[in-house]
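Student: I have a structure here, written as structure tokens, and I will follow up with some questions on it.
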Amino acid sequence: MEREYSLDHSRVYSEVKSTIGYQFDSNSLLLDALIHPSFILDKNNNNFERLEFLGDRVLGLVIANFLFDKFSEESEGDLALRLSELVSGKKVLEISNKLDLKKIILLTNGNRSITVNDGILIDTLEALIGAIFIDGGLIKTKKFILDNWEKLALNYKTPPKDSKSLLQEWAMANNFNMPIYEKYKKKGPDHSPIFFVKVKIENFGGATGEGSSKKLAEMNAADFLYKKI
């Protein structure tokens, strides 16, 4: 699905609070987090990637602190498994879709429209977290993150294992060779690529996955193959 947006700032400001539940004091900071690099004509005047970088780290910090307090009897290794799952692209995408970020992302440049793919949704939520941190500080950012992630975190009664780990353990337990992953295709522009990865287990079968990063594509491929077991 493709959407086109113009820089109707008043529309953006009015929709953001109802969409993400946070009111920005700095409208310019908000726009920095919502204007995808494809929209910017001056590529040297864009804070989106910087906010995305910051938001990724703040998300990890808040979730790690929550897990440290909530699961006080678990080892560092178990906490790391929980953290890895909760900050994964798959979970960030899940939250992005729940918040319906598509309706507030600014994407077009002139007459050229850009597909709102999974990678853009993941990047935008991380950029928004970075922007909230600068705009409102750690306490407000923590509230935003836990409002959206706490229920997911508590869904895991035991530390989760990702599909790649589960697939590898199954292969070992059933005397198969280890899964082999191969990137076989990449498409889309540099700012919004889609990777395609094949995974196969010799004498068993294979599957294909796609994602906005090679890692996410591998995880999806492993997930598809594991479901065949």
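The values are calculated or read from the model by the stated rules, or taken from the named source; none is laboratory data. The model shown is predicted, which means the values in this text are computed figures rather than measured ones. Positions of Cβ are generated from backbone atoms using ideal geometry, with glycine treated the same way; all protein chains shown enter the neighbour counts.
Student: Which of the residues that make up region 181-214 are part of a strand (DSSP E or B), more than 22 Å from LEU93 (Cα to Cα) and of a type in the set (Phe, Trp, Tyr)?
Tutor: TYR181, TYR184
Student: For region 143-170, which residues satisfy the criterion of being of a type outside the set (Val, Ile, Thr), surrounded by 18 or more Cβ atoms within 10 Å (Cβ to Cβ) and over 30 Å from LYS227 (Cα atoms)?
Tutor: Matches in region 143-170: PHE144 only.
Student: Can you confirm whether GLU2 is outside the structural domain of TRP149 (by TED's automatic domain parsing), under 24 Å from LYS98 (Cβ atoms) and modelled with pLDDT under 90?
Tutor: Answer is yes for this residue.
Student: Before we move on, is GLY209 on the phi < 0 side of the Ramachandran plot and touching a Lys or Arg at 6+ places or on another chain (Cβ under 9 Å)?
Tutor: For GLY209, the condition - on the phi < 0 side of the Ramachandran plot and touching a Lys or Arg at 6+ places or on another chain (Cβ under 9 Å) - is met.
Student: Check GLU218 against each of (1) assigned to a strand (DSSP E or B); (2) of a type in the set (D, E, K, R); (3) in contact with a helix residue (DSSP H, G or I) (Cβ under 8 Å, 6 or more places away or on another chain) and name the one condition it does not meet.
Tutor: (1)
Student: Looking at (1) in a helix (DSSP H, G or I); (2) free of Cβ contacts under 8 Å to residues at least 60 places away in the same chain; (3) surrounded by fewer than 19 Cβ atoms within 10 Å (Cβ to Cβ), can you tell me which one MET178 breaks?
Tutor: (1)
Student: What is the number of the single condition among (1) part of a helix (DSSP H, G or I); (2) surrounded by fewer than 18 Cβ atoms within 10 Å (Cβ to Cβ); (3) more than 21 Å from the chain's Cα centre (by Cα) that LEU225 does not meet?
Tutor: (2)
Student: Return only the number of the condition from (1) surrounded by 14 or more Cβ atoms within 10 Å (Cβ to Cβ); (2) touching a strand residue (DSSP E or B) at 6+ places or on another chain (Cβ under 9 Å) that LEU101 does not satisfy.
Tutor: Of the numbered conditions (1) surrounded by 14 or more Cβ atoms within 10 Å (Cβ to Cβ); (2) touching a strand residue (DSSP E or B) at 6+ places or on another chain (Cβ under 9 Å), the odd one out for LEU101 is (2).
Student: Then there is this: Within the set of pairs 6 or more residues apart or between chains, which connect a residue that is more than 14 Å from LEU146 (Cα to Cα) inside region 56-84 to a residue that is small (Gly, Ala, Ser) with Cβ atoms less than 6 Å apart?
Tutor: none
Student: Okay, next question. Please enumerate the residues belonging to region 183-207 that are crowded, with 17+ Cβ neighbours inside 10 Å and not aliphatic (A, V, I, L, M).
Tutor: Once the filter is applied, which keeps residues that are crowded, with 17+ Cβ neighbours inside 10 Å and not aliphatic (A, V, I, L, M), region 183-207 yields SER192, PHE195, PHE196, LYS198, LYS200.
Student: I've got another one for you. Restricting attention to region 62-93, which residues are surrounded by fewer than 15 Cβ atoms within 10 Å (Cβ to Cβ), assigned to a helix (DSSP H, G or I) and not aromatic (Phe, Trp, Tyr)?
Tutor: Of everything in region 62-93, those that are surrounded by fewer than 15 Cβ atoms within 10 Å (Cβ to Cβ), assigned to a helix (DSSP H, G or I) and not aromatic (Phe, Trp, Tyr) turn out to be ASN65, ASP69, LYS70, GLU76, GLY77, ALA80.
Student: Let me ask you something else. Starting from region 103-118, keep only residues that are modelled with pLDDT of 75 or more, then list their pairs with residues that are of a type in the set (Gly, Ala, Ser) whose Cβ atoms are within a distance under 7 Å, requiring at least 6 positions of separation or different chains.
Tutor: So the pair list comes out as ASN117/SER192; ASN117/SER212; ASP118/GLY211; ASP118/SER212.
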